[in-house]
Structures are given as C-alpha cells and as structure tokens.
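A.B. asks: Structure provided below as structure tokens; questions to follow.
Just so it is clear, none of the values below were taken in a lab; they were calculated from the coordinates. These figures come from a predicted structure and were not determined experimentally. Cβ atoms come from the backbone with ideal geometry, glycine included; neighbour counts cover every protein chain shown.
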C-alpha cells in the first residue's frame, strides 16, 4: 500500500501544480465576483478530475493494456504517436514565437476569463481538468497494478 501511494504521489503533485488551471483561477479571482467564480472553477475542476480518473480506471480494465506482464503493442504505438504530436506542436510553437524586441501578445483565453459568468467559470474548470488526462491515466494504471497486486 505504501509503495502504491509513493508511486502516485508525484503524479498528484504534478496535477496540483499544473500551471494552466492555476493561471486560470488567478485570472478568475481577479475579475468581478471573483470569489464566487473562483469557487465554481475549483469545484468543477475537482469534479472533472474525479470524472476523468474514474473513466480512466474503468477503461483500464476494459482495454487490455498488457500482454503477459509487458505493455501491449498498441500502448507503445499510442505513446509514440502522442510523443510525435507533442514534438510537432513544440516545433510549431517555436516557429511562431515573436522575434526579439517584439511584444508577446496575451492569449485570447486570458482576456475572456475576465468576462466569465459563474457557470462559464465552472465549465472552464471542468474542461481544464481534461488537460491532466495523461497524469490521470498513468495514475489509474498504477492504481490498477496496486489493486491487482493485492488480490494476487
């Protein structure tokens, strides 16, 4: 049990300090009626994390991700594809950066956060919880491994 918690703790810290939701909640708190919007955002973000984690745990049992103790081939292909997509996105971002001396524009979503209603802030919190999907999927796998280790 202690080993399972030790394996999951770094993932929990990574989800907790993920910068995009932190930036978003700070922007929401700085807006008009920020306390209500911030509370709605954080609660919806937590509900979203729980929902994505539950789905990941359920799908982990359905999609057989291992072949006799080793990862299945489709898992390796999926991880390779994800890595290549992230690499392509990084190259695109690098090429689109402003040149030296040019002012960096503020992202449009950052301007939009100021005009959010309480319900839109909650929706944004729920949606941003999906950005932690990779961490949650890894955590679900570790939880599944720990549970199967207890039953063995």
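A.B. asks: Could you order peptides 45-58, 6-19 by the average number of other Cβ atoms within 10 Å of their residues, highest first?
C.D. replies: Packing proxy ranking, top to bottom: 45-58, 6-19.
A.B. asks: Can you put 95, 33 in order of Cβ neighbours within 10 angstrom, beginning with the fewest?
C.D. replies: Result, fewest neighbours first: 95, 33.
A.B. asks: Okay, moving on. What nm distance separates the two modelled labels at residue 77 and residue 32, each placed 7 Å from Cα along Cα→Cβ?
C.D. replies: Label-label distance for residue 77 and residue 32, simple model: 5.3 nm.
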